[in-house]
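Student: Handing you this structure, nothing more for now.
No value in this document is a laboratory result; all are computed from the given coordinates. Keep in mind it's a predicted model, so treat the numbers as computed, not measured.
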């Protein structure tokens, strides 16, 4: 990275940071607030929707870069992400039914997945049965929609979703500079913009939250991450896509296990709750700083481990997947034990 590139990055970072002040003021003037309830992890009313800044800029960068670099996938990413941005912003302003949000997520994921899959098939001139095309497309759509909602569910304590966005940017940079240039420079510019936006947002949300990113931030990040996993898989193969997937093992495992537990209990799985492992850790008496700090520390270890794997062997294997997932399962057990111990003390 040249000195000029570093200067531009710093300028953009400070521009993102200071631009949040008028954005927060505007959101407050329209009374877009998150008021605490029995399912909240915060105690006072807080402005929400702060993620609209980095989400909007990322979509614009993806569209402009897609046109400039003549990269149809990057252009498609920017256009589809606007659908998620709009429905999420409306939900932050005035609640939208979960079924309608999900429908928009599926439409956006479907447009991105099927057209990207079609483009990749044309590039490699590979024969593909129509049923296999549809099946793979459905899997990609379900995965992107799942990521979108997983990030939305996991945005419950200060700094967690923003730090996840930052680590995803670092993981993609690792993929890009370790043989993933075939995905195009536009992909790096778009995810880099998102990462800078999350980094600039973090001081406004952590350790004390002056603003929440809202669905327009968390669901948007999840959609982008899901699209990048699919994009890398279709363009570069499963190995490098697995790097991004493993960097999100905490969010995907936490969401999956929690939803399964709620379904087995007969709870309404789609309703807001405080049953995620990180929420149970906070409910046990731990601070938001401790909860987010633990996740960030484990993410840093995961990133270092993945960097070593990519440098040494090129891509993770089944054993590496098991190793990373086991680390997160141990952390989840710690969260459960902390919650159980706090409940036992309260009972006595």
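Student: Kirkwood hydrodynamic radius for the stretch 57-211: how many Å is it when counted over pairs of different Cα atoms?
Tutor: 16.9
Student: In angstroms, what radius of gyration and Dmax does the stretch 180-226 have, counting Cα atoms only?
Tutor: 12.8, 40
Student: Additional query: Would you mind computing the Rg to Rh ratio of the chain from its alpha-carbon coordinates, Kirkwood style for Rh?
Tutor: Radius of gyration over Kirkwood radius for the chain works out to 0.96.
Student: Given the options 130, 328, 290, state which has the largest fluctuation in a GNM of the chain using a 10 Å cut-off (strictly under) for Cα springs.
Tutor: Most flexible of the set in this elastic network: 130.
Student: Let me ask something else. Normalized C-alpha radius of gyration of the stretch 283-322, against 2.2 N^0.38 Å?
Tutor: So the Cα radius of gyration is 1.58 times the expected 2.2 N^0.38 Å.
Student: Same structure again: Any idea what the relative contact order of the chain is, in percent, if you count C-alpha pairs under 8 Å spaced at least 6 apart? Could you put the intermediate results ahead of the total?
Tutor: Working: 463 pairs, mean separation 77.1, N = 348.
Computed value for the chain: 22 percent relative contact order.
Student: What is the diffusion coefficient of the stretch 214-348 in µm²/s, taking the Kirkwood radius over Cα pairs and the Stokes-Einstein relation at 37 °C with a viscosity of 0.692 mPa s?
Tutor: Translational D for this selection: 198 µm²/s.
Student: So what's the back-of-envelope 222 nm ellipticity for the chain, counting only DSSP H runs of four-plus at -39500 (n - 2.57) apiece and dividing by all residues, rounded to 500?
Tutor: Details: 13 runs with 267 residues, N = 348.
Theoretical 222 nm ellipticity from helices: -26500 deg cm²/dmol.
Student: Treating the stretch 130-223 as a set of equal point scatterers at the Cα positions, no solvent, please give the Debye-formula log₁₀ I(q)/I(0) at q = 0.15, 0.20, 0.24 Å⁻¹.
Tutor: -0.67, -0.99, -1.16
Student: Also, I was wondering about something else. Viscosity 0.692 mPa s, temperature 37 °C: give me the Stokes-Einstein translational D for the stretch 72-139 in µm²/s, with Rh taken as the Kirkwood radius over C-alpha pairs.
Tutor: 247
Student: What angle do you read, to the nearest 10 degrees and between 0 and 90, between the alpha-carbon axis of helix 160-176 and the longest principal axis of the chain?
Tutor: Value to nearest ten degrees: 20.
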